[in-house]
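A short worksheet on the structure shown next.
Rule-based calculations on the coordinates, nothing more; no lab input. All values reported here derive from a predicted model rather than from experimental measurement. Using ideal geometry, Cβ is built from the backbone for each residue, glycine included, and neighbour counts are taken over all protein chains shown.
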Amino acid sequence: MVRTSLFVIAVILFVAGPAEARNTEHLFNVKDAVEHGTGNANLKDIPYYFAGQTHPAVAKKIGTWTSNRSSRGVFRSDEASCQVAFLSALIRLQERAASEGGDAIVDIVSVTRDSRSSSATQYRCLAGAIVVHVALEGTVVKLK
């Protein structure tokens, strides 16, 4: 009886080990996500500029907003899942710009674990065992 109990406990611990939460932080290419990601056809005609990219002169800053989006990470690669979440976050920022009367989004940065990451070419994605997360923060503006 003791042997059987020990065997059952060992099996439970062996199976439960891989079920622990995964928190993998990735950097992926913005251009790849926009050109090849699922949902890129849904991007709006509102230009966006990541931190470090040159953009036309700003006439008026309207406000800064964050867009947090998630996507399922099961049955597809982290990169494919992150592309979906990234495009969703970017589209949400574009929708916010339109609703606030802006005509562009500038200085977009990735936000993960309460830290900001500035890159003109890459975004951050946090991949868990089941869900991936992308958070973008950008400033809605009126261009000159």
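A compact table of results
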read-out: Sequence ranges 49-60, 66-77, 87-98, ranked by mean other-Cβ count within 10 angstrom, highest first; value: 87-98, 66-77, 49-60
read-out: Separation of the Lys31 and Thr64 label points, Cα + 7 Å toward Cβ, nm; value: 2.8 nm
read-out: Theoretical FRET efficiency, 1/(1+(r/R0)^6), r = Cβ-Cβ of Ser99 and Ala120, R0 30 Å, to 0.05; value: 0.70
read-out: Computed Rg/Rh of region 62-110, alpha carbon atoms with Kirkwood Rh; value: 1.07
read-out: C-alpha long axis of helix 2-16 to longest principal axis of the chain, angle in °; value: 10 degrees
read-out: Estimated FRET transfer efficiency when R0 is 30 angstrom, pair Ala80-Lys142 (beta carbons, to 0.05); value: 0.30
read-out: Inter-label distance, nm, simple model (7 Å from Cα along the C-beta direction), Ala57/Ala41; value: 4.0 nm
read-out: Charge dipole magnitude, Cβ of K and R +1, D and E -1 - region 22-143, Cα centre, debye nearest 20; value: 200 debye
read-out: Mean separation of Cα contacts under 8 Å, 6 or more apart, over the residue count of the chain: relative contact order %; value: 36 percent
read-out: Sequence ranges 22-30, 133-141, ranked by mean other-Cβ count within 10 angstrom, highest first; value: 133-141, 22-30
read-out: Per-residue [θ]222 nm for the chain (sum of -39500 (n - 2.57) over DSSP H runs n ≥ 4, rounded to 500); value: -10000 deg cm²/dmol
read-out: 12 Å Cα-Cα reach of Lys142 towards aspartates and glutamates, excluding residues that sit fewer than 8 places from it in its own chain; value: Glu100, Asp103
read-out: Histogram of C-alpha separations across region 40-84, 5 Å bin width, %; value: 4, 13, 15, 23, 17, 13, 8, 4, 2, 0
read-out: Kirkwood-type radius of the chain, with distances r between different C-alpha atoms, in Å; value: 16.6 Å
